[in-house]
Amino acid sequence: METSIHALARHADELLDVGRFSDYCPNGLQVEGGRPVRRLASGVTASRAFIEAAVAQGADALLVHHGYFWKGEDARVTGLKRERLRLLLTHDVSLLAYHLPLDAHPELGNNARLAARLGFQVEGHLREDGMGLVGSPPETLDGAALCDRLETALGRRPQWVQGGPVKIRRIGWCTGAAQGFIEQAAALGLDAYISGEISEQTVHVAREAGIHYFAAGHHATERDGARALGSRLADVFNLQHEFIDIENPV
C-alpha cells in the first residue's frame, strides 16, 4: 500500500494535536518529497547518517523527533544543513518532525514510552503545560537500584547525583534536555527526577533541594517516541516501517 506525504502528515498532526504547542521548531512536514510513501523510516534525529541509512533502505519518508529549522539558528542553507537537505531533495524523500508534541502524547510520547519501559505507574504531570510526568515504580527503590533499572532499560549507565532520601517512592521524569525542570520536581516533593542531560548547576540544585537526579541520556530517553509513532502510522496506512537507531552517547 501507499499514501501521500500530505495524508500522512495530516493524520500525525491531528493525532499529536500539534496546534496546541508553542515550540522551538515547526512540527509536521518540514521537507516535502515527491514520492508516494510506501516505506517509512523513523529515528531520533535527522542527521546525515540517519538520512543515508534510511535512503539505503529505500525509505520514501523519514519521521524524527529532532528535525530542522530551530528558532535562533542560522537560516542560511550552507554547510551541514545544505548537505542534509541536498540528500533529502536529491532522493525526493520527505521529512516529518515532531518535537514537543511527541514528548507530551499520553500514549506514544517519549515520556509515556519511558514510563512503560521502566515499569512506572503514571500518576500525573510534572508541569501544568503537560511536559513531564510523575509516578512511582512498582516497588520502593534505592538510588543504586534505580541506576540499575535505567541501565537495563536504556542500555547505558546514568549519571547519578545523590541528593534525596534513601528510599525512592515518587519519581518525576522528562526526556531529553529537561534538567532545568528539577526545581519543579523538588517543589512537588518527589524523591528523584530523571531527564536526559545534566548541567553544572543541576548538581547543586539536586543536593540543596534534597532530590536525586539521574541523567539517563538525551538520545537514550527519546528513542521510543518516534518508533511508536512510526509504528502507529504504518499500521493506519499499511506501510512498511523501520526504526533506525544512530548510536549517540549523549
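The values are calculated or read from the model by the stated rules, or taken from the named source; none is laboratory data. This one's a predicted model, so the numbers in the text were calculated from it and none came from an experiment. In this analysis, Cβ positions are derived from the backbone assuming ideal geometry, glycine residues included, and neighbour counts consider all displayed protein chains. Just the protein is used for accessible areas: all its heavy atoms, side chains included, with ligands, DNA and RNA removed. Shrake-Rupley method; radii C 1.70, N 1.55, O 1.52, S 1.80 Å.
The residues of the stretch 191-250 that are open to solvent by 10 Å² or more (accessible area, probe 1.4 Å), over 29 Å from V55 (Cα atoms), among the polar types (S, T, N, Q) and outside any helix (DSSP H, G or I) amount to a single one, S199.
Test S231 against the criterion of being of a type in the set (S, T, Y), within 30 Å of L8 (Cα to Cα) and out of contact with any Gly (no Cβ under 9 Å at 6 or more places or on another chain), and give yes or no.
Working: of a type in the set (S, T, Y): yes; within 30 Å of L8 (Cα to Cα): yes; out of contact with any Gly (no Cβ under 9 Å at 6 or more places or on another chain): yes.
Yes.
In this structure, is A9 touching a residue at least 60 places away in the same chain (Cβ under 8 Å), touching a Leu at 6+ places or on another chain (Cβ under 6 Å) and closer than 19 Å to F69 by Cα? The answer is yes for A9. Scanning the stretch 141-153 for residues that are open to solvent by 10 Å² or more (accessible area, probe 1.4 Å) and within 17 Å of the chain's Cα centre (by Cα) gives a single hit, A153.
Taking (1) surrounded by 13 or more Cβ atoms within 10 Å (Cβ to Cβ); (2) among the acidic types (D, E); (3) modelled with pLDDT under 95 in turn, D103 satisfies each apart from (3). Quick check on S4: is it in contact with a strand residue (DSSP E or B) (Cβ under 9 Å, 6 or more places away or on another chain), small (G, A, S) and surrounded by fewer than 22 Cβ atoms within 10 Å (Cβ to Cβ)? So S4 passes the test. Y98 passes every criterion in (1) open to solvent by 30 Å² or more (accessible area, probe 1.4 Å); (2) under 30 Å from T3 (Cβ atoms) apart from (1).
Could you look through the stretch 70-95, keep only residues that are open to solvent by less than 10 Å² (accessible area, probe 1.4 Å) and among the hydrophobic types (A, V, I, L, M, F, W, C), and pick out the one that is farthest from L8 (Cα to Cα)?
First pass over the stretch 70-95, keeping only residues open to solvent by less than 10 Å² (accessible area, probe 1.4 Å): 88, 93-95.
Now drop any that are not among the hydrophobic types (A, V, I, L, M, F, W, C), which leaves 88, 93, 95.
Numbers: L88: 17, V93: 14, L95: 11 Å.
Among those that are open to solvent by less than 10 Å² (accessible area, probe 1.4 Å) and among the hydrophobic types (A, V, I, L, M, F, W, C), it is L88.
If a residue has to be in contact with a Gly (Cβ under 9 Å, 6 or more places away or on another chain) and more than 28 Å from F21 (Cα to Cα) to count, how many in the stretch 72-88 make the cut? Before you say what the answer is, go through the steps one by one.
Of the stretch 72-88, the ones in contact with a Gly (Cβ under 9 Å, 6 or more places away or on another chain) are 88.
In the following step, the residues that additionally are more than 28 Å from F21 (Cα to Cα) were identified as none.
Qualifying residue count for the region: 0.
Within the stretch 36-69, restricting attention to residues that are within 15 Å of L89 (Cβ to Cβ) and charged (D, E, K, R), the residue that is surrounded by the most Cβ atoms within 10 Å (Cβ to Cβ) is D60.
Using the structure shown, decide if G33 is crowded, with 16+ Cβ neighbours inside 10 Å and of a type outside the set (A, V, I, L, M, F, W, C). Yes. When L29 is tested against (1) closer than 23 Å to T221 by Cα; (2) in contact (Cβ under 8 Å) with a residue 60 or more places away in the chain, exactly one condition is not met: (1).
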